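Working notes, beginning with the structure itself.
The values are calculated or read from the model by the stated rules, or taken from the named source; none is laboratory data. Keep in mind it's a predicted model, so treat the numbers as computed, not measured. Counting neighbours? That spans all protein chains shown, and the Cβs are built from the backbone with ideal geometry, glycine included. Surface areas here come from the heavy atoms of the whole protein model, side chains and all, with no ligands, DNA or RNA. Shrake-Rupley method; radii C 1.70, N 1.55, O 1.52, S 1.80 Å.
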Amino acid sequence: MGELADSFDTLADSDMWTDIGILFGSFLAGTVVRNLIEPHSPWDLPDEVYGVAIVLGAGYLPEGTNIARMGGGLYTVDKLAERLDLKQRVTSVGDGGGN
């Protein structure tokens with residue numbers, strides 16, 4: 001029974017939810033940065049570049065730097081998985097053969 005209580009304590013941990021918010025926000029920041037820069041840029045940069053920009057820019061945050069870097073890294077890896085068609089393959093696992 002103590003293990004269940006520990007699990008609920010983890011869910012109630014506000015520091016954990018703060019970290020999750022920073023991670024998710026920095027993951028979404030890659031899309032925001034892309035949408036702000038890409039229309040005004042003469043170059044068609046790969047989406048992964050914007051995730052790397054978040055990783056680099058996270059070093060200037062007063063707090064949550066490593067978590068924000070992970071969010072930017074997650075964005076980078078997510079876009080790379082899309083580019084390599086890995087994400088689509090994983091999504092279609094168990095769909096019955098694509099009928």
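Considered as a group, the residues in the stretch 61-77 that are without any contact (Cβ under 8 Å) to a residue 12 or more places away in the chain and not in a helix (DSSP H, G or I) include one that is nearest to residue 20 (Cα to Cα), and that residue is 63.
All told, residue 37 falls short of being touching a residue at least 12 places away in the same chain (Cβ under 8 Å) and open to solvent by less than 60 Å² (accessible area, probe 1.4 Å).
Condition check ((1) part of a helix (DSSP H, G or I); (2) among the β-branched types (Val, Ile, Thr); (3) open to solvent by 80 Å² or more (accessible area, probe 1.4 Å); (4) at pLDDT below 95) across all residues:
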residue	(1), (2), (3), (4)
3	yes, no, yes, yes
9	yes, no, yes, yes
15	yes, no, yes, yes
21	yes, no, no, no
24	yes, no, yes, no
27	yes, no, no, no
45	no, no, no, yes
52	yes, yes, no, no
59	yes, no, no, yes
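Scanning the stretch 66-94 for residues that are of a type outside the set (A, V, I, L, M, F, W, C) and surrounded by 14 or more Cβ atoms within 10 Å (Cβ to Cβ) yields 69, 71, 72, 73, 75, 76, 78, 79, 87.
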